[in-house]
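The values are calculated or read from the model by the stated rules, or taken from the named source; none is laboratory data. Just so it is clear, the structure is predicted and the values come from calculations on it, not from any experiment. Note that each Cβ is placed from the backbone with ideal geometry, even for glycine, and that neighbours are counted across all protein chains shown. With ligands, DNA and RNA removed, areas are computed over all heavy atoms of the protein, side chains included. Shrake-Rupley method; radii C 1.70, N 1.55, O 1.52, S 1.80 Å.
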Amino acid sequence: MSASTTLPDEIGLLASESIRDMVSRATDNAPIATYAEGESPLSWQSISDGGWDQIGIIEDGEGASLRDLVEIARAWGESCIPLPLLPTIMAKRHSAAARAVDGPVTIAIPSATRTDGTCFVPYGQLGDIVVATGLDAGTDCVVPVTDGLADDFDILMHGVQAHMRTDMSMSAARELGVVFAAEASGAAKKLLNDGIVFAKEREQFGKPIGSFQAVKHHLANALINAELAETAVIWSSLQEHEVFRGALFAIDRSIAVGELVLQVHGGLGFTWEMGLHFYLRRMLGARELVSGLSSEFGGV
Amino acid sequence: MTSEQLVGELPADVVSGDDDTGDDADEFTRSAEAWLKENVPARYRDHRGALSNEETDEIRRNWDRQLHQGGFAGLGLPREWGGQGLGLREEVAFHVLAGKAKAPDGFGRVAKVLVAPMLITSGTEEQKAKYLPKILSGDEVWCQGFSEPSAGSDLAGVKTRAVKVDGGYLITGRKTWTSFAQHADYCFLLAQTDPAAPRYKNLGMFLVDMKQPGVSISDIKQISGAIHFAEVAFTKVFVSDGDIVGEPGDGWSVAMRILTDERGGTETAARYVEIRSDVDLLLESCGDRPELASELQELDIRTELLRWQLSKVVDLEDDMGDAFQRAVSILKVLWSELWQDVTRVGIKAMVAADREHWRYQYFESRAVSIYSGTNEIQRNIISERVLGLPR
Ligand SMILES: Cc1cc2nc3c(=O)[nH]c(=O)nc-3n(C[C@H](O)[C@H](O)[C@H](O)COP(=O)(O)OP(=O)(O)OC[C@H]3O[C@@H](n4cnc5c(N)ncnc54)[C@H](O)[C@@H]3O)c2cc1C
């Protein structure tokens with residue numbers, strides 16, 4: 001299958017722009033550390049008022065393509081807002097029971113670093129969330145999150161490691177992998193921008209550190225990686241072969257961006273408050289999930 | 001391939017090479033090994049992860065005293081100042097052995113590796129007598145007050161002021177990223193003595209008592225969630241004239257003398273052991289995974305070659321020539337980037353049992369290309385000072 005264009009449709013473009021606007025109004029573009037450990041700056045209400053949780057639903061063959069969802073996930077990934085928008089979009093896309101729910105819905109996903117039969121439930125710690133049991137597969141219900149251990153490695157994802165599991169079709173699994181990778185690539189884009197701003201502002205030896213060739217090259221390499229990450233998620237979204245490989249490649253390139261940008265920040269980059277690590281955590285978490293999906297569904 | 005095959009009888013190899021001292025070194029190795037076996041706290045060796053922060057701190061503080069009692073403090077420092085009068089060879093061998101024995105890292109590292117050599121080469125007799133015994137005995141902890149919010153890589157740009165008053169100076173300014181600040185009794189600190197003097201001639205090196213009014217320490221949390229450094233504000237903190245190292249305008253040259261010291265060797269030895277143990281963990285847990293095979297082999301050989309690079313440095317130490325400069329100059333870049341590559345593979349290998357270990361190591365390893373001179377600055381130094389390329 002060859003795509004006629006690498007660009008998203010209007011629905012993807014408009015939705016991603018609107019989501020970006022909504023987030024920047026809610027956060028006032030404040031740094032991530034200001035909301036990482038507290039209340040979400042955005043309410044679930046404003047997401048559902050905008051109908052953004054339903055943007056993935058396909059009716060009569062009409063709706064957002066995976067390529068459109070990539071654009072949306074990338075926009076969402078720029079802010080790591082601690083709300084389950086992406087799992088809800090994907091649950092509602094692939095489950096009638098999820099569509100019948102007003103509030104947020106999540107998914108229990110096999111993850112590569114859990115061999116004890118548990119799955120990772122993104123945002124499973126949130127009070128009012130339910131889990132879809134089947135995405136175009138198995139029984140289609142929603143159930144509450146069973147007791148499990150909190151896994152706060154990706155702090156903004158409020159995840160739970162629980163003995164439950166969402167059945168999913170191969171294509172739902174692939175879509176999920178692509179969306180997580182797209183989110184990570186959006187985080188990479190945001191970090192690259194932060195790195196550029198920092199390199200222009202921070203001065204050492206009487207000039208901006210961005211004027212040193214070593215720093216320039218780091219950021220040029222970060223751009224190369226961020227572009228490749230984007231290209232890889234687009235590729236994964238538009239064809240069906242080796243989707244997980246493309247998604248993992250995109251995540252690895254995104255992690256490389258995170259590492260380079262952290263290095264450019266010097267000592268500040270190593271601090272909790274600077275907040276670069278929140279994005280890196282998201283990327284590393286995405287890697288665990290997509291690896292898990294890949295080993296379950298990727299055996300080509 | 002197991003790591004054992006490559007590593008062999010490791011400590012003896014690290015110190016091999018020179019026939020004259022070979023026997024001494026072996027004897028040293030044997031006694032160090034025996035002493036470590038007796039003295040490394042079992043709680044720390046076997047249950048490190050389960051200890052509270054307070055317990056760990058207590059063990060680390062006490063370790064400096066144990067080292068002293070055992071005769072292993074200040075191995076490379078002269079005997080007349082309470083050291084053991086040995087060389088880099090023994091320092092390196094001891095660090096490797098201590099790492100293998102899972103010995104704690106004391107709080108005395110900054111003092112023994114930086115302050116003691118600084119005082120011995122540039123300090124007054126009074127300063128040596130006042131500070132060296134308690135550095136070696138592990139009774140006093142030091143921190144390094146160099147970096148400031150606006151002066152990191154550009155260390156000569158420190159803005160902290162030292163204003164002359166009767167009998168001494170008043171220090172005012174902010175230091176940041178100060179490791180051990182929370183535990184420190186003293187700080188050795190760069191401050192401007194004469195803002196009008198030219199760059200490199202305007203700084204003094206001060207020995208500051210941290211337990212006095214005007215010193216205020218705020219924790220800084222790191223990306224791993226741990227708190228291992230702090231911001232330290234000094235407000236009119238008094239330092240007597242007797243506590244300047246060198247002349248009031250000598251701070252920069254005093255600092256450079258210790259920074260270009262061979263501390264690279266001992267630090268590398270300690271790091272080598274940690275890297276080796278991380279690589280071994282990878283080989284054990286995923287050595288049989290074909291998709292990782294070439295990557296693991298590469299990391300394994302790089303780790304082994306790090307040890308050989310260190311052996312080369314040790315063997316070249318005596319002539320201190322070009323070959324030594326070249327060999328030693330690359331150590332920091334070599335081990336820091338190796339460790340980062342190891343932890344990246346660790347976290348991507350997705351071994352369930354080691355998940356928390358790699359998550360922690362991955363974040364910790366981000367620091368090593370930043371501290372003690374970022375790797376960009378290291379490469380500037382290598383290209384300009386070692387290779388003589390134009391600035
Ligand atoms: C874990 C940790 C512990 C530390 N402990 C101590 C301590 O105990 N005491 C202490 O005094 N300091 C300590 N430091 C501080 C450390 O020395 C500084 O972080 C380091 O020197 C970099 O300075 P900076 O953070 O201001 O970064 P900056 O100097 O602002 O650098 C930002 C980026 O610009 C690059 N850059 C800057 N100048 C150049 C140039 N000329 N050419 C090319 N690239 C350049 C850097 O490499 C970096 O990538 C510690 C740091 C860390 C991370």
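Some points to look at:
- Axis of helix B:355-365 versus longest Cα principal axis of chain B: the two differ by about 40°, to the nearest ten degrees.
- Percent breakdown of C-alpha pair distances by 10 Å bin, ordered from the shortest bin, for segment A:203-249: 26, 30, 20, 16, 7, 0
- Cα-Cα separations in segment B:263-386 greater than 26 Å, expressed as whole percent: 25
- Rg over Rh for the protein assembly as shown works out to 1.01, both radii taken from alpha-carbon positions and Rh defined as the Kirkwood radius.
- Dimensions (Å) - chain A, Cα atoms, principal axes, largest first: 64, 43, 39
- Beyond 22 Å in Cα-Cα separation lie the following of the pairs B:Lys102/B:Lys221; B:Lys175/B:Lys211; B:Lys134/B:Lys201; B:Lys164/B:Lys236; B:Lys134/B:Lys211; B:Lys175/B:Lys236: B:Lys102/B:Lys221; B:Lys134/B:Lys201.
- 5 angstrom amide H check on B:Phe229, placed H, neighbours 5+ away: B:Ile220
- Between A:His241 and B:Ile330, the C-beta separation translates, for a Förster distance of 35 Å, into a calculated FRET efficiency of about 0.20.
- Residues whose amide H falls under 5 Å from that of A:Met168, counting only those 5 or more places apart or on a different chain, are A:Leu135, with hydrogens built in the peptide plane.
- 18 Å Cα-Cα reach of A:Lys190 towards aspartates and glutamates, excluding residues that sit fewer than 8 places from it in its own chain: A:Glu17, A:Asp21, A:Asp28, A:Glu71, A:Glu78, A:Asp154, A:Glu201, A:Glu227, A:Glu230, A:Asp252, A:Glu259, A:Glu273
- Among A:Met157, B:Leu203, B:Gly106 the positive-end extreme of the charge dipole of the protein assembly as shown (Cβ point charges): B:Leu203
- Reach of B:Lys130 by Cα under 16 Å, taken over lysines that are not fewer than 8 positions away in the same chain: B:Lys112
- Of the three principal axes defined by the Cα atoms of segment A:153-300, the extents in descending order read 58, 32, 16 Å.
- Across segment A:79-99, the residues whose backbone nitrogen lies under 16 Å from the label position 7 Å along the beta-carbon direction of A:Val143 are A:97-98.
- Accessible surface buried upon A-B contact (total; probe 1.4 Å; Å², nearest 100): 2900
- Label-point separation, A:Thr34 to A:Asp49 (7 Å along Cα→Cβ), nm: 2.0
- Among residues other than B:Pro133 with Cβ under 11 Å from its Cβ, the summed charge is +1 (Lys and Arg +1, Asp and Glu -1).
- Net +/- balance of residues flanking A:Gly138 in space, Cβ distance below 13 Å, scoring K and R +1, D and E -1: -2
- Cα-centred dipole magnitude for chain B, charges only on beta-carbon of K, R (+1) and D, E (-1), debye, nearest 20: 1640
- Kirkwood's formula applied to the C-alpha pairs of segment B:142-254 gives a hydrodynamic radius of 13.9 angstrom.
- Each principal axis of segment A:16-108 carries a Cα extent, and these read 41, 24, 23 Å when sorted largest first.
- Remark: spin-label model distance A:Gln213-A:Asp167 equals 6.1 nm, labels positioned 7 Å along the Cα→Cβ axis.
- Global geometry of segment A:81-182, whether rounded, prolate or oblate, following the gyration tensor of its Cα atoms and the 1.5 cut on a/c: rounded
- Semi-axis lengths, Å, segment B:234-300, gyration tensor of Cα atoms, sqrt of 5 times eigenvalues: 48, 14, 9
- Residues along segment A:211-243 losing 10 Å² or more of accessible surface when the other protein chains are present rather than the chain by itself (probe 1.4 Å): A:Ala214, A:His218
- Dipole magnitude for segment B:142-254: about 320 debye, using +1 per Lys or Arg Cβ and -1 per Asp or Glu Cβ, origin at the Cα centre.
- Net charge dipole size for segment A:16-132 [Lys, Arg +1 and Asp, Glu -1 on Cβ; Debye, nearest 20]: 320
- Span from the segment B:210-264 Cα centroid across to the segment A:274-300 one, whole angstrom: 40
- Applying the Kirkwood pairwise sum to the alpha-carbon positions of segment B:306-360 produces a hydrodynamic radius of 13.1 angstrom.
- Förster radius 30 Å - calculated FRET efficiency between B:Lys236 and B:Glu126, Cβ distance, rounded to 0.05: 0.80
- Nearest-ten-degree value, helix B:263-286 long axis tilted from longest Cα axis of chain B: 30
- Furthest towards positive pole of dipole, A:Leu238, B:Gly388, B:Leu334, structure part the protein assembly as shown, Cβ charges: B:Gly388
- Leading residue at positive end of dipole, the protein assembly as shown (Cβ point charges), from A:Met283, B:Val92, A:Gly195: A:Gly195
- Coupling constants for segment A:199-206 follow from the phi torsions by the Karplus curve (6.51 cos²θ - 1.76 cosθ + 1.60, θ = phi - 60°), and in residue order they are 5, 7, 8, 5, 10, 9, 6, x Hz; glycine and proline get x.
- Under Karplus coefficients 6.51, -1.76 and 1.60, residue-wise ³J(HN,Hα) of segment A:272-277 in Hz, glycine/proline x: 4, 5, 4, x, 4, 5
- Label point distance in nm, A:Thr115-A:Glu201, each placed 7 Å from Cα along Cα→Cβ: 4.5
- Ranked order, A:Glu71, B:Glu274, B:Glu27, A:Glu39 - accessible area, probe 1.4 Å, largest first: A:Glu39, B:Glu27, B:Glu274, A:Glu71
- Loop sites in segment A:185-274: trypsin sites (Lys or Arg not before Pro), DSSP, at most 11 other Cβ within 10 Å: none
- Listed values for segment A:241-252 are Karplus-derived 3J(HN,Hα) couplings in whole Hz (6.51 cos²θ - 1.76 cosθ + 1.60, θ = phi - 60°), namely 8, 6, 4, 5, 4, x, 5, 5, 4, 4, 5, 5, and x replaces Gly and Pro.
- Two-decimal Rg to Rh for chain B - Kirkwood Rh, Cα set: 0.96
- The portion of the accessible surface of the protein assembly as shown made up by carbon and sulfur, rounded to a whole percent, is 51 (1.4 Å probe; DNA, RNA and ligands excluded).
- Potential lengthening between B:Asp288 and B:Arg385 on full extension [0.36 nm per residue; Cα-Cα distance subtracted]: 30.5 nm
- When both segment A:46-62 and segment B:334-382 are represented by their alpha-carbon centers, they are found 42 Å apart.
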